[in-house]
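One structure is given here, and the rest of the page talks about it.
The values are calculated or read from the model by the stated rules, or taken from the named source; none is laboratory data. Worth saying up front: this structure is predicted, and the values here are computed from it rather than measured. Here Cβ is always computed from backbone atoms with ideal geometry, including for glycine, and neighbour counts include all displayed protein chains.
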Amino acid sequence: MTPRFLRCGDGAVLVEVDGTEAVLALYDALAADPPRGVTDILPAARTLLLRFGPPARRETVESAVLRARPATGRGRDAGEVTVPVVYDGADLAGVAALTGLSEREVVEAHTGTPWTVAFSGFAPGFGYLSGGDARLRVPRRTESRVRVPAGSVALAAGFSAVYPRESPGGWRLIGRTALTVWDLTADPPALLRPGTRVRFTEARDA
């Protein structure tokens, strides 16, 4: 689809496209050659936010987006992280029922296909992981939990994630990891940065 442009104040443009892969392809193209005056490019599930300042104007930024030539396939590479998971989440049985898989098959599907951090949001260090097994696409819970423990591994709407700290959350919990994914003393603080490949492995309970 042709990008749709939405004005965000005087210093930003929101670009709406037809899906996450299109967002990431456009992000890669623009990040490799940022339009003059653009100070920040922030991807999300179906949108890309471009912040800009002088000498850029909204019209010149939009023109640069239309001239961009997104390539197929991902260009960014932020390395690979292995995440060991104990698959005993409160929603594991529910995910199995929704997908028609057994609980063992859910685990095998989650660990059997690599994921990639598409973008970050919701909370510091919360990476939205895309590209996993398509059979694991399940909706969010109808009611969010008040507290989701840090390290919870979850699924929702075609994404997987690791909760970086305790917070409310409506994703479906399938397991937990002892791996720290958000550490303010680290450089950078976020372990799961956009472009990072993630491989989940099954771990025994400590």
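Summary table below
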{"read-out": "Candidate set from the range 164-206 (those that are among the acidic types (Asp, Glu) and farther than 26 Å from Ala97 by Cβ); member that is modelled with the lowest pLDDT", "value": "Asp187"}
{"read-out": "The lone exception for Gly9 - which of (1) surrounded by fewer than 17 Cβ atoms within 10 Å (Cβ to Cβ); (2) at negative phi; (3) at pLDDT 85 or above it fails", "value": "(2)"}
{"read-out": "Residue that is surrounded by the most Cβ atoms within 10 Å (Cβ to Cβ), among those in the range 23-63 that are of a type in the set (Val, Ile, Thr) and part of a strand (DSSP E or B)", "value": "Val38"}
{"read-out": "Matching residues, the range 163-189, being surrounded by 14 or more Cβ atoms within 10 Å (Cβ to Cβ), of a type outside the set (Ser, Thr, Tyr) and in contact with a Ser or Thr (Cβ under 7 Å, 6 or more places away or on another chain)", "value": "Gly169, Gly170, Leu173, Arg176"}
{"read-out": "Test: residue in the range 22-36 that is among the small types (Gly, Ala, Ser) and free of Cβ contacts under 8 Å to residues at least 40 places away in the same chain", "value": "no"}
{"read-out": "All positions within the range 42-60 that are modelled with pLDDT of 90 or more and under 25 Å from the mean Cα position of the chain (by Cα)", "value": "Thr47, Leu48, Leu49, Leu50, Arg51, Phe52"}
{"read-out": "Tally of residues being surrounded by fewer than 19 Cβ atoms within 10 Å (Cβ to Cβ) and in contact (Cβ under 8 Å) with a residue 40 or more places away in the chain across the range 140-156", "value": "1"}
{"read-out": "Flag for Leu30 being touching a Lys or Arg at 6+ places or on another chain (Cβ under 8 Å) and either at pLDDT 90 or above or under 20 Å from Arg193 (Cα atoms) (or both)", "value": "no"}
{"read-out": "Qualifying residue in the range 33-50 (condition: closer than 26 Å to Ser144 by Cβ, touching a strand residue (DSSP E or B) at 6+ places or on another chain (Cβ under 7 Å) and of a type in the set (Lys, Arg))", "value": "yes"}
